[in-house]
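Take a look at the structure set out below.
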Amino acid sequence: MAPLRAVEVSDGTVVLREAFRGLPAEYRGAYLVDVARAYLQVGDLRGAARALVDADSVAPGEVRCRPLARTVIADVARGHPAPAGVARLATLVGLTR
């Protein structure tokens, strides 16, 4: 039997990976923003960029309006070169021109 896989969402709730898909989009988006932040903390710019782009595809409002998400977008966008998807997000939220 395979071990159960779980993820922790930003409010500390642990859910099974299968149940994650059943969460409201804004919860999944917030979780992915938190994942992007974690990737940044360990220096993985590409992982952070992937998580942000995934979050934007799941819950654009969560990514484009949440202050923490905007901070993470700005931090990732400062990487050289900025990942294309994050450069687009930075422009969409008004962080670059």
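Please determine, by comparing only the residues of the range 59-97 that are part of a loop (DSSP other than H, G, I, E, B) and charged (D, E, K, R), which one is farthest from the chain's Cα centre (by Cα).
Arg97
For the range 64-97, how many residues are more than 23 Å from Ala25 (Cβ to Cβ) and crowded, with 18+ Cβ neighbours inside 10 Å?
3
Name every residue in the range 34-47 that is open to solvent by less than 60 Å² (accessible area, probe 1.4 Å), part of a helix (DSSP H, G or I) and either without any contact (Cβ under 8 Å) to a residue 24 or more places away in the chain or farther than 17 Å from Gly79 by Cβ (or both), in order of residue number.
Hits for the range 34-47 are Asp34, Val35, Ala38, Gly47.
Rundown of residues vs (1) in contact with a Phe, Trp or Tyr (Cβ under 8 Å, 6 or more places away or on another chain); (2) modelled with pLDDT of 90 or more, yes/no style:
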{"residue": "Pro3", "(1), (2)": "no, no"}
{"residue": "Gly12", "(1), (2)": "no, no"}
{"residue": "Gly29", "(1), (2)": "no, yes"}
{"residue": "Ala48", "(1), (2)": "yes, yes"}
{"residue": "Val58", "(1), (2)": "no, yes"}
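What are the pairs with Cβ atoms under 6 angstrom where one residue, in the range 73-95, is in contact (Cβ under 8 Å) with a residue 40 or more places away in the chain and the other, located anywhere, is buried (at least 16 other Cβ atoms within 10 Å of the Cβ)? Sequence gap at least six, or different chains.
Every condition considered, the pairs that remain are Val76/Ala48; Val76/Ala49; Val76/Val86.
Which residues, taken from the range 54-63, are open to solvent by 50 Å² or more (accessible area, probe 1.4 Å) and under 16 Å from Ala84 (Cα atoms)?
Result: Asp54, Ser57.
The values are calculated or read from the model by the stated rules, or taken from the named source; none is laboratory data. Everything numeric here is computed off the predicted structure, so don't read it as measured data. Cβ atoms come from the backbone with ideal geometry, glycine included; neighbour counts cover every protein chain shown. Protein only, heavy atoms only, side chains kept; ligands, DNA and RNA dropped before computing areas. Shrake-Rupley method; radii C 1.70, N 1.55, O 1.52, S 1.80 Å.
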